[in-house]
Amino acid sequence: MHRQAIATTVVLALLAFELFVLAILAFFPYVPDPGLATLNMSIYTFLAPLSTVILLGLLYAWLVRFGTREIRRRSSRFNDFVRFLSEPFQKTASLIKSTALYESARSLKVLSYPRLMLGISLVVSVLIVFVPYRPDLNPTANLVGIDSPTYVGWVGQMLALPLPAALRYSFVTGLDGSRPLLLVLLYLVASAGISPSQIFEFLPMVLAPLLSLSIYTFVRYGNGSARFAGLTALFSSVSFYSTVGLWGGYYANWLALILVYLFLTCLLIFSRSPSAVKYCAMYILSVAMFLTHPYTWVMIVLVSLVFSFSLWRETGNLVHVKSIIAIITTGIVLDVVKSWAFTTQSVTAQWPSSAANGAGSLLAFWNNLVEALLYTHGGLLGNGLMLSLGLVAVFTLRSKDWFERLLLLWVGVASIPFPALGSYLEARILYDLPIPVLTSIAVVSLLSQIGARNIRWPGLVLLLLIVVSASYALQSVLLL
């Protein structure tokens, strides 16, 4: 009980500190900072370099798990050594692995209101992306985001053209016509009389809550727990999806992530009970994803292909593999037809140059990793807390559960080309990972097993993690 009281006191002190920091940031610049927000940011900056090592652990945990299992199978001495090292954590680890996420989430009373958590996540996601456009902070309504002026120029050019020419323009311009769906949607909105600048001012306030909602849908139907889904939506609203999306003006990638989570939701539902209607939904989302952000599409369909092969090995049913091959084939045909019809470079044509660049990148892997996390996108990806929780999650995921297997493969497939890429592409791969989902898995798994025995009110730890994440997100957008 004495240890429990000490742990509770420490958590309460940290929570009070972070709440003060969050209040100072929320009411900036009207509440003076006595040094708390500056100290908080200094701690983040000091710990940020550790995120490089943590990210490597997160990406290659699957390799460590596989290698350790194989060596333990062949070497009794190594097996005894691993048992000795893991003995203090053996009971907790076995409890986490033997308890389903659904059951873990249900055991936490603090998660009893999933709809409320979803509602809060939608409101918070809008408020986070609204901060850089607050009239008192940005009285001239200057656009935020590196790519925002480029998008405004593209939509402006389309408005000056008749409809057929504007549609053609969307398939030719915008990084070799790789963003046609988003440009067409924005062109239609602008045709109603809304200025392009105003569209991109409010676009993040549409994309951010939609992403939280799509992640909620993915977890709700993938795992089956509304409680777990509500928590994940809450973490997604304060993740770097919004902060990095704002920083770079990565609207196409942002929209693609919304489609990704909906596509993978349909994939899981179709895998459990195949039907023509479910496949049509998955197929349409795949085409929309390809026409929005083809590089995100490439990663996700590869993940889906590996996942479908794992289902085929388990069930002996080829329908899973055939369905994904048809989707990949459609994407390749679309790529070839689009590049032929509009004389643009195809996605597949860029792979040789990417491979050539990758050979050089391998020699500078560590420099690229540091650049990707600490300098690319203003260093906003160097969130040690979320990456640490993600690292915990990948060691607790079980491949027997299809939802958890999909998450493992998502990280595993992304890790394969990672060392051969430059810092910018490494940052994009990290941006496309399901970090908020992994964060929630770690929180639910750990709190359900060790919370009640080590702290009087486990919900305090959860509140602390959410407040810390919210402070990081708010501090990030204020820097914009």
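The values are calculated or read from the model by the stated rules, or taken from the named source; none is laboratory data. In this text the structure is predicted, and so the values were computed from the model without any measurement. Neighbour counts are summed over all protein chains in view; Cβ atoms, including those assigned to glycine, are modelled from backbone coordinates with ideal geometry. These area figures cover heavy atoms from the full protein model, side chains too; ligands, DNA and RNA do not enter into them. Shrake-Rupley method; radii C 1.70, N 1.55, O 1.52, S 1.80 Å.
Any residue in segment 232-247 that's closer than 13 Å to Ile435 by Cα and open to solvent by less than 10 Å² (accessible area, probe 1.4 Å): show its pairings with residues that are of a type in the set (S, T, N, Q) and not in a helix (DSSP H, G or I) at Cβ separation under 7 Å, as long as the two are six or more apart or on different chains.
Phe240/Asn383
Which one is nearest to Gly379 (Cα to Cα) among residues in segment 6-49 that are among the small types (Gly, Ala, Ser) and outside any helix (DSSP H, G or I)?
Among them, the one singled out is Ala48.
Of the residues that make up segment 272-283, is at least one assigned to a helix (DSSP H, G or I), open to solvent by 10 Å² or more (accessible area, probe 1.4 Å) and touching a Gly at 6+ places or on another chain (Cβ under 7 Å)?
No - not one qualifying residue is present in segment 272-283.
Considering only segment 122-143, state which residues are modelled with pLDDT under 95 and either closer than 17 Å to Ala252 by Cβ or in contact with a Phe, Trp or Tyr (Cβ under 7 Å, 6 or more places away or on another chain) (or both).
Ala141, Leu143
Pick from Leu397, Leu407: which is without any contact (Cβ under 8 Å) to a residue 40 or more places away in the chain and within 24 Å of Glu103 (Cα to Cα)?
Leu407
Find the residue count for segment 155-181, including only residues that are surrounded by 19 or more Cβ atoms within 10 Å (Cβ to Cβ) and not in a loop (DSSP other than H, G, I, E, B).
Of the residues in that region, 8 qualify.
Would it be correct to say that Ile258 is modelled with pLDDT of 95 or more, on the phi < 0 side of the Ramachandran plot and open to solvent by 50 Å² or more (accessible area, probe 1.4 Å)?
Against the criterion (modelled with pLDDT of 95 or more, on the phi < 0 side of the Ramachandran plot and open to solvent by 50 Å² or more (accessible area, probe 1.4 Å)), Ile258 does not qualify.
Would segment 358-372 turn up any residue that is within 27 Å of Ala165 (Cβ to Cβ), modelled with pLDDT of 75 or more and in contact with a Gly (Cβ under 9 Å, 6 or more places away or on another chain)?
No.
Can you find, within segment 128-141, the residue that is farthest from Ala226 (Cα to Cα) among those that are within 27 Å of the chain's Cα centre (by Cα) and surrounded by fewer than 17 Cβ atoms within 10 Å (Cβ to Cβ)?
Arg134
With (1) of a type in the set (A, V, I, L, M); (2) modelled with pLDDT under 75; (3) open to solvent by 80 Å² or more (accessible area, probe 1.4 Å) as the list, and Ile146 as the residue in question, which single condition is left unmet?
So the condition that Ile146 fails would be (2).
Output the qualifying pairs, or none if there are none: Cβ atoms under 7 angstrom, residues six or more apart or on different chains, first residue in segment 250-268 and among the hydroxyl-bearing types (Ser, Thr, Tyr), second residue outside any helix (DSSP H, G or I).
Tyr250/Asp147
Step by step: first the residues of segment 381-414, then only those that are among the aromatic types (Phe, Trp, Tyr) and more than 11 Å from Leu433 (Cα to Cα), then the one that is least open to solvent (accessible area, probe 1.4 Å). Which residue is that?
Per the criteria, the residue is Phe403.
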